[in-house]
Amino acid sequence: MPPKLPVLNLSLSTRNPALFAEQLRSACHEIGFFLIKHDHAQTCEVALENAREFFNREEKDKMSIGYENSPAFRGYMPIGVENTSGDIDFRQQIEYAAEYHDHRTRDDKRSLVYHRLRASNPWPDEIIPSFKPAIMAYVETIFEVAGVLRNAMCTALNVEPKTLGRHFGPVYQSKNSEPSFWSMKLVSYPPWDDESPRQGVGSHTDSNFLTLICQDPTETGLQVQSHNGEWIDVPATRTDTLVCNVGELAEIWSAGYFTATPHRVARKKSQQDRISLPIFYNPKLDAIINPIDKNNFPQWDRLTENQWRRDDNHLMASVGENSFKSLARSHPAVFERHHGDLVLLKDGRVIMRREERPTQSR
């Protein structure tokens with residue numbers, strides 16, 4: 001029997017912080033995926049309802065916030081425009097991220113390439129006035145949960161939480177603070193009539209720090225790869241439970257102790273669509289996340305590190321570079337349209353075509 005995903009309860013973080021940190025350590029170290037119960041079900045339900053209402057609209061309404069004109073890869077994407085490892089993903093979606101008042105452009109010679117991700121989001125305010133408030137309330141709620149998890153991850157590795165927390169910011173940019181570079185997808189996997197599963201999303205690891213997902217309580221399809229190569233089905237979860245997983249930046253930060261686990265979505269036969277709302281929790285865009293000292297780590301319990309990895313996936317300590325890598329790979333048409341002065345290397349790094357270019361890594 002394949003292993004089941006650990007189930008944690010967020011309330012334990014206040015009732016017994018040490019026990020919660022130990023449970024989280026085990027989950028992030030041994031498999032990199034877990035479920036967590038919380039008290040924000042209504043906020044999640046409202047976000048799911050608004051997402052479903054948007055995806056049920058006519059295509060012309062959805063294309064009013066199309067992403068083709070966004071150099072920052074933001075907006076609505078119909079089926080067939082995103083890919084994983086070159087294979088088309090069977091889903092429609094909206095991409096959003098932290099909003100910035102001071103946008104950067106390619107003409108700003110002082111700007112690093114990934115500063116092109118500093119942008120605002122296209123919202124369907126005229127079509128669904130309740131949409132933006134519902135989605136941002138969801139983002140704010142998930143941020144609270146993610147902050148608790150981040151601090152507990154530090155406790156689990158005997159690290160002072162402030163040393164990691166300084167790399168993170170609030171949800172919104174203000175005069176005195178840069179936001180965390182969070183991003184999110186609102187995803188709809190359409191009905192599928194065939195008995196053979198279709199790729200909803202191909203096998204990959206997430207480029208961010210932590211991923212937290214509210215998903216359709218009646219449909220499933222998300223699968224996690226165990227360390228022995230088995231694919232574990234993530235069950236459908238109610239809105240009081242989030243699916244969480246470790247991202248590449250958390251693996252880098254923890255010197256490999258926490259594992260960014262490969263996962264995929266197999267769209268199985270179904271007569272209805274499936275909605276999923278993953279939020280990718282990240283430090284600030286300019287943050288550099290280096291490995292911490294392993295001398296005070298707990299013992300190593302994971303039996304093996306033999307997981308599937310993309311040979312051409314260069315893990316970068318720069319939040320901005322790792323984020324741009326993922327977007328450029330997944331959306332080649334938009335990358336080509338808006339970033340013709342850049343070259344996407346096989347390992348995921350992005351460089352400028354001209355010889356004289358600002359340094360990206362520090």
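Working from label points 7 Å from Cα in the Cα-to-Cβ sense, the Ala41 to Lys294 distance is 4.3 nm. Taking all Cα pairs closer than 8 Å and separated by 6 or more residues, the relative contact order of region 7-352 comes to 22 percent. Here's how it looks for Thr84: its modeled amide H is under 5 Å from those of Asp89, Gly202, which are all 5 or more places away or on a different chain.
What does the charge dipole of the chain about its Cα centre add up to, to the nearest 20 debye, if the Cβ of each Lys and Arg holds +1 and the Cβ of each Asp and Glu holds -1? Write out the running numbers ahead of the final one.
Details: 43 positive and 48 negative charges, 156 e Å.
It works out to roughly 740 debye.
Grab the other residues whose beta carbon is less than 13 angstrom from that of Ala156, score K and R as +1, D and E as -1, and report the net.
Numbers: positive: Arg25, Arg150; negative: Glu22, Glu30, Glu160, Asp301.
Within the 13 Å Cβ shell, the charges total -2.
Let me have the 222 nm mean residue ellipticity of the chain computed from DSSP H runs of 4+ only, each contributing -39500 (n - 2.57), with the sum over all residues rounded to the nearest 500. Counting only the DSSP helices, I get -7500 deg cm²/dmol. Springs between Cα atoms under 10 Å define the GNM used for the chain, and in it the highest mean-square fluctuation of Val234, Val148, Val334 occurs at Val148.
Enumerate the helices in the chain for which the Kyte-Doolittle hydropathy averages 0.5 or more and the C-alpha atoms extend at least 20 Å along the helix's axis, using complete DSSP H runs.
TM-like helix candidates: 131-156.
For the pair region 313-347 / region 57-84, the C-alpha centres are spaced 18 Å from each other. Working out 0.36 nm times the residue gap between Met352 and Met63, then minus their Cα-Cα distance, what length gain in nm do you get to one decimal? Contour length minus Cα-Cα distance gives 101.0 nm. Calculated on the alpha-carbon coordinates, the convex hull of region 157-296 measures out at 128 cubic angstrom per residue. Farthest towards the positive end of the charge dipole of the chain, among the residues Phe33, Ser120, Ile279, is the Cα of Ser120, using unit charges on the Cβ of Lys, Arg, Asp and Glu.
For region 1-135, relative contact order (Cα pairs under 8 Å, six or more residues apart, normalised by length) works out to 18 percent. Taking other residues whose beta carbon is less than 12 angstrom from the beta carbon of Ile275, and scoring Lys, Arg as +1 and Asp, Glu as -1, yields -2.
Determine the gain in length on full extension of the stretch Glu195-Gln272; use 0.36 nm per residue of separation and subtract their C-alpha separation, reporting nm with one decimal. Each step should come with its number before you reach the end.
On the way: separation 77, 0.36 × 77 = 27.72 nm, distance 1.45 nm.
Between Glu195 and Gln272, full extension yields 26.3 nm more.
Please report the net charge: other residues with Cβ closer than 11 Å to the Cβ of Phe168, K and R +1, D and E -1. Here the charged neighbours net out to +3. Within the P(r) computed for region 244-291, what percentage of the Cα pairs occupies the region above 14 Å? Roughly 64 percent, once rounded to a whole number. No disulfide-compatible partner, judged by a Cβ distance under 4.7 Å, exists for the following cysteines of the chain: Cys28, Cys154, Cys244. Just to check, using Stokes-Einstein with a Kirkwood Rh over alpha carbon pairs, what's the diffusion coefficient of region 7-352 at 10 °C and 1.306 mPa s in µm²/s? Value of D from the Cα-based Kirkwood radius: 78 µm²/s.
In this rough spin-label picture, where each label sits 7 Å from Cα along the Cβ direction, the Lys132-Tyr172 distance is 1.1 nm. Which of rounded, prolate, oblate describes region 2-44, given a ≥ b ≥ c as roots of the alpha-carbon gyration tensor eigenvalues and a/c under 1.5 marking rounded, otherwise prolate only if a/b is larger than b/c? Oblate.
Quick note: the coordinates plus some simple rules give every number you see, no bench work behind them. Just so it is clear, the model here is predicted, and its values are computed rather than measured. For neighbour counting, all protein chains shown are included, and Cβ atoms are generated from backbone atoms with ideal geometry for every residue, glycine included.
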